[in-house]
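Everything below concerns the one structure shown next.
The values are calculated or read from the model by the stated rules, or taken from the named source; none is laboratory data. These figures come from a predicted structure and were not determined experimentally. Surface accessibility is based on the protein's heavy atoms, side chains included, excluding ligands, DNA and RNA. Shrake-Rupley method; radii C 1.70, N 1.55, O 1.52, S 1.80 Å.
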Amino acid sequence: SLDWMAVPEGGGELQAGSLALESAGPYTELSVPKDTVCVSVSCGGVAGPDGSVTVEDGHGFPRLFFHTSSVDATGAAARDTIHLHREHAELFLYVRNVMMKGASYTVEGTVAGCDRYGRPVPGHFSASVDTDSRGFGSVVLPRQCDGSLRLNVSYAGDVVRSLAIGEYIIQSGYDWTAEDLGDISMEIDYYQTKVTVRVEQWKKTLTFTIVF
């Protein structure tokens, strides 16, 4: 479904609703005050009363698509065309040559979601990466505003390694300000003590040597 919200910037009643994708027509009409109106539309996540989409600690971010615009509704009629943009990035992780069987992986950051304008919302983010028997796993991330993302490697309940993957991602050329976010592939090789980051939309690969 599409969740929408219209907020007059000069004050006034907030309007919100939801449209089922299978029954939504090409147009939806609203009556709003003559004002500049902020319109936000989301798909894939549940927006809160203020239009923001955030997640509780311990949960990955939803596969969110988002539209926001400022519409001049001071005339008799106004129109806004909805263009949904990708507000999430999927991090694909591959751990090679695992030295600690039974280790677990958690991504932590300082962005918990986005507000009704699509801007990052500060907050603690923590989501586990469930890897399979071959070492493959993934986690969905919200749009970031800095390089604070970390990958914590835990064993027997204790964090034994903490990798600054946010910095690796930025140094690899990834653009968190892009209109549509792309996916990221990261390979961690314990034997060769390196992290390889591949930024999907630019097909760029960068390798970092780390100390385990």
Rounded to a whole %, the carbon-and-sulfur portion of the accessible area of segment 33-77 at a 1.4 Å probe is 55
Taking the square root of 5λ for each eigenvalue of the C-alpha gyration tensor of segment 86-155, the equivalent ellipsoid has semi-axes, largest first and in whole angstrom, of 26, 12, 8
Here segment 31-82 gives, from Cα atoms, an Rg and Dmax in Å of 14.2, 47
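With the full set of protein chains in place, find how many percent of the accessible area of segment 78-174 is carbon and sulfur; take the probe as 1.4 Å.
Numbers: 2280 of 4630 Å².
Ligands and nucleic acids excluded, carbon and sulfur give 49 percent.
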Regarding segment 37-156, what are the three Cα extents along the principal axes, ordered largest first, in Å?
67, 23, 22
